[in-house]
Amino acid sequence: MIGRRLTYRTVDGVRIPGTWRHVFIRNGRYFLTDLRIYADGLIDCWGLVTLEEFEEKVRTGWVATTLPDGAQASAHGLARWTFSEPRSLLTPEMLVAEVRDTIDRLNQRPDSIGRCLAAVDAFLADRTEENRAAAHAAFLAVPASRRRYVLGDMDTKDWPLRVLVAGPGGRTYLPSDPPVSQESYDRALAYFEERTRWSTERGTYVPADGPAAPHAPAVRLSHSLSNEPVADPGHLGLRNDYPAPITVGEVVYPSVAHAYWALSVTRPETRSAIAAADTAAAAHKLAAATARRENWEHVRAAVMTRLLRAKYDQHPELAEILLATDDATVVYDDVDSAFWGDNAGRGRNWTGRLLELVRSELRMRQNGIPGL
């Protein structure tokens, strides 16, 4: 249910993660709306309620799981229609159980599927009838609407699982299934043995191109007001406004920020004034008072990339600081730009991304990769 349907609400400045799903609410007519479920156990069904209060709303039909023929419904501002021979896919018990599972997953706790698979693993490790009965009970505790997804195998659905927990001669929860034969049971056991092998191999698998996520902790480059170089700048030296002069063409700029803002304007006299500005903040102020180059927004990332390459080529001591960040995600704060800065998750963090690119290029040269 969670998938990509992510939302949140803010309580006392704290973000409470959540997700949502469609439901019908009966308030005179039926309304198709979003049921929002949050990690703290509150559920928004036209008002925040506790899980117990939500169960009552389902029981009384405020959150509807049955839709009568001929009833009117609407989706606010979108459409209205009348039900004709409706079929409901959920019972009240199923809906409540799915919501309980969702709260567990939002809190990274095992839900009914997780508890079922743990019970199955316990049975496979020690195949007693007591452990089989526990696995059977855990499987039936999974909402019927989700049982086919327990194994995450859409080819076989839950067939191996329902056969395994029923046992030879037993009956599955599906009335249409015949009694479990020894042959079917052996096939189910073979499925789980192969599944264990897959799981073991997947746990030790390393992609040929390396891991997808960095192993080093993220590095945050917070906003600073440093106008003078220091002997050991640390991560401060990675800021674009850090006073590390770079030569671009025949012009020496006091910092990457000076160069960037100077190149963004068309008037030569303004460019010279920006290059001579005492601070990066003053350079920005001068640039902001005049027009940008035409289509500047389409070339600015390429310009910044070249300026960063120049900085770390011309300042090997700063290149060493950048390389020392290993493979960390670089989070760059920029109070003036949500394009260049991460800005508490609200920005695009392009400076951080380009620093990672330049770091990779430095590492490539350091490792002497030929042909590039």
Item to check | Eligible lysines near LYS285 by straight Cα distance, threshold 29 Å, same-chain separation 8 or greater | outcome: LYS311
Checklist outcome for this item: Largest fluctuation, THR290, THR172, THR156 only, Gaussian network model of the chain with Cα springs under 10 angstrom, belongs to THR290
Item to check | Amide H contacts of ARG220 (H built 1.01 Å from N, under 5 Å, at least 5 apart or other chain) | outcome: VAL331
Next on the checklist: Test of understanding: what is the full-extension gain from THR128 to THR66, defined as 0.36 nm times their sequence separation minus their Cα-Cα distance?
Outcome noted: 18.2 nm
Item to check | For a label point 7 Å along the Cα-to-beta-carbon line of ASN27, residues of the range 34-52 with backbone N under 17 Å | outcome: 34-37, 43-50
Item to check | Qualifying chymotrypsin sites (Phe, Trp or Tyr not before Pro) in the range 5-87, DSSP loop, other Cβ atoms within 10 Å at most 11 | outcome: none
Checklist outcome for this item: Among VAL63, VAL23, VAL11, the residue with the largest mean-square fluctuation in a Gaussian network model of the chain built from Cα contacts under 10 Å is VAL11
Checklist entry - Longest exposed-loop-site-free stretch of the chain, with GluC sites (Glu not before Pro), DSSP loop and at most 13 other Cβ within 10 Å? => result 1-249
Item to check | Percent of Cα pairs exceeding the 25 Å cut-off, where the set is the range 159-303 | outcome: 59 percent
Checklist entry - Translational D (Stokes-Einstein, µm²/s) of the range 6-106 at 20 °C and 1.002 mPa s when Rh comes from the Kirkwood sum over C-alpha pairs? => result 150 µm²/s
Checklist entry - If you line up the long axis of helix 182-204 against the longest principal axis of the chain, both from Cα atoms, how many degrees apart are they, to the nearest 10? => result 10 degrees
Item to check | Interchain or long-range residues, amide H under 5 Å from ASN343's placed H | outcome: ASP334
Item to check | Crossing angle, helix 51-60 versus the chain [Cα axis fit, 0-90 degrees, rounded to tens] | outcome: 50 degrees
Next on the checklist: As I understand it, the value is the acute angle between the Cα axis of helix 296-314 and the longest principal axis of the Cα atoms of the chain; what does it come to in degrees, rounded to 10?
Outcome noted: 70 degrees
Next on the checklist: If amide hydrogens are placed 1.01 Å from N in the peptide plane, which non-local residues have theirs closer than 5 Å to the one on VAL248?
Outcome noted: TYR253
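Taken together, the values in this text are just the output of simple stated rules run on the coordinates, not laboratory data. Keep in mind it's a predicted model, so treat the numbers as computed, not measured. Note that each Cβ is placed from the backbone with ideal geometry, even for glycine, and that neighbours are counted across all protein chains shown.
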